[in-house]
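J.: Take this structure, written in C-alpha cells, and hold onto it; I'll ask about it next.
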Amino acid sequence: MEIIHKIGRRKTAVARVYVSEGSGNITVNKKDLANYFTTATLQYKVKQPLALTDNAEKFDVTVNVYGGGITGQAEAVRLAISRALCEVDAEHRLTLKPEGLLTRDPRMVERKKFGQKKARKKFQFSKR
C-alpha cells in the first residue's frame, strides 16, 4: 500500500494526513499524539475513525496541522483520517457516514462589520 494523503478542515484549522501501513503510531507535527493533544477528549476524537473501523493497530498516521485552536485542529485531523480510511476500503464509508465523521462542519466565525463592536454586537447607544 502506498501512502494516502488527505486534507481535513474545521473552522480555520487545516490538517494534512498521511496514512501508511504500520503499527498504529500517530504523529502530529513531529510530536507524539499524547504530547500534542494533551486531553483525553481530543485524543479520543483523533482516534475515533480508526477505532470504529477496527484499524487502530494497522496504520501509521502522520499529521501536519496548522491554524485555529486545539479543538478545531483535532476535528480537522478526525475528518482527514476518516477520508483516508474511505480511500483504503470503501466499506469503511458505511461505518463512518452514520457517525457523521465524513461531514465537513461548515460553521465559521462570522466577520466583524464596520460601525459595530463585533459581528452582531453594536456600540452602546445613548438616547440623550
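Throughout, read-outs are computed from the coordinates displayed, never taken from laboratory work. All figures in this text were calculated on a predicted structure; none of them were measured in a lab. Every residue, glycine among them, receives a Cβ derived from its backbone with ideal geometry; neighbour counts consider all protein chains shown.
J.: Just flag the trypsin sites (Lys or Arg not before Pro) in the range 12-61 sitting in loop per DSSP whose Cβ has no more than 16 other Cβ atoms within 10 Å.
T.: Numbers: sites: 16, 30, 31, 45, 47, 58; in loops: 30, 58.
Passing both the DSSP loop test and the Cβ count: 30, 58.
J.: Please give the length that would be gained between residue 7 and residue 114 if that part of the chain were fully extended, namely 0.36 nm times their separation in residues minus their C-alpha to C-alpha distance (nm, one decimal).
T.: Details: separation 107, 0.36 × 107 = 38.52 nm, distance 3.36 nm.
Extra length available between residue 7 and residue 114 comes to 35.2 nm.
J.: Students often get this wrong, so try it: which of (1) 1.15; (2) 0.93; (3) 0.98 is Rg/Rh (Cα atoms, Kirkwood Rh) as calculated from the structure shown?
T.: (1)
J.: Show me, for the range 114-125, the HN-Hα J-couplings you get by feeding each phi into the Karplus relation (A = 6.51, B = -1.76, C = 1.60, θ = phi - 60°), rounded to Hz, glycine and proline as x.
T.: With the stated coefficients, the range 114-125 comes to 5, x, 10, 6, 9, 5, 10, 6, 9, 5, 4, 9 Hz.
J.: Further question on the same structure: Between residue 13 and residues 5 or more places away or on another chain, which pairs have amide H atoms under 5 Å apart, with H built 1.01 Å from N, and which residues are they?
T.: The answer is none.
J.: If amide H atoms are built 1.01 Å from N in the plane of the peptide, which residues on other chains or at least 5 residues away come under 5 Å of the amide H of residue 22?
T.: Those qualifying (amide H under 5 Å, at least 5 residues apart or on another chain) are 59, 60.
J.: Rank the residues 23, 126 as a footprinting-exposure proxy: fewest other Cβ atoms within 10 Å of their Cβ go first.
T.: On the way: 23 8, 126 5.
Fewest-to-most ranking of 23, 126: 126, 23.
J.: Among bridges DSSP assigns within the chain, what percent are antiparallel (round to 5)?
T.: The antiparallel fraction comes to roughly 85 percent.
J.: Taking 0.36 nm per residue of sequence separation and subtracting the Cα-Cα distance, how much length would be gained by fully extending the chain between residue 70 and residue 44, in nm to one decimal? Could the numbers behind the result be given before it?
T.: Details: separation 26, 0.36 × 26 = 9.36 nm, distance 1.34 nm.
Extra length from residue 70 to residue 44 when fully extended: 8.0 nm.
J.: Which one, 98, 62, 126, projects farthest toward the positive side of the charge dipole computed for the chain from Cβ point charges (K/R +1, D/E -1)?
T.: In the chain, that residue is 126.
J.: If I build a Gaussian network model for the chain, linking alpha-carbon pairs within less than 10 angstrom, which residue out of 78, 93, 107 has the largest mean-square fluctuation?
T.: Most flexible of the set in this elastic network: 107.
J.: Oh, and also: With charges only on Cβ, +1 for K and R and -1 for D and E, what is the dipole size of the chain about its Cα centre, in debye, rounded to 20?
T.: Value, rounded to 20: 1940 debye.
J.: Would you look at the GNM of the chain, springs on alpha carbons closer than 10 Å, and say which of 88, 19, 63 moves the most?
T.: 88
J.: Hey, another quick one. Relative to the first principal axis of the alpha-carbon coordinates of the chain, what is the inclination of helix 40-52, with its axis defined by its Cα atoms, in degrees from 0 to 90 and to the nearest 10?
T.: Long axis of 40-52 versus the principal axis of the chain: about 50 degrees.
J.: I've got another one for you. Multiplying the sequence separation of residue 99 and residue 32 by 0.36 nm and subtracting their Cα-Cα distance, what value in nm do you get? Numbers along the way, then the final one.
T.: Working: separation 67, 0.36 × 67 = 24.12 nm, distance 2.61 nm.
21.5 nm is the gain from fully extending residue 99 to residue 32.
J.: Each residue of the range 54-66 in order: what ³J(HN,Hα) in whole Hz does its phi give by Karplus 6.51 cos²θ - 1.76 cosθ + 1.60, θ = phi - 60°, with x for Gly and Pro?
T.: With the stated coefficients, the range 54-66 comes to 6, 10, 4, 9, 9, 10, 9, 10, 10, 10, 10, 9, 8 Hz.
J.: Taking +1 at the Cβ of each Lys and Arg and -1 at the Cβ of each Asp and Glu, which of 43, 3, 85 sits farthest along the dipole of the chain towards its positive end, judged by Cα position relative to the Cα centre?
T.: Of the options given, the answer is 43.
J.: Also, I was wondering about something else. Anything over 31 Å Cα to Cα? Flag those among 31/58; 97/121; 31/118; 11/122, in the order listed. It would help to have the intermediate numbers written out before the result.
T.: Values: 31/58 20 Å; 97/121 37 Å; 31/118 36 Å; 11/122 24 Å.
In this structure, 97/121; 31/118 lie more than 31 Å apart at Cα.
J.: Give the angle, between 0 and 90 degrees and rounded to the nearest 10, that separates the Cα long axis of helix 70-88 from the longest principal axis of the Cα atoms of the chain.
T.: The angle comes out at about 40 degrees.
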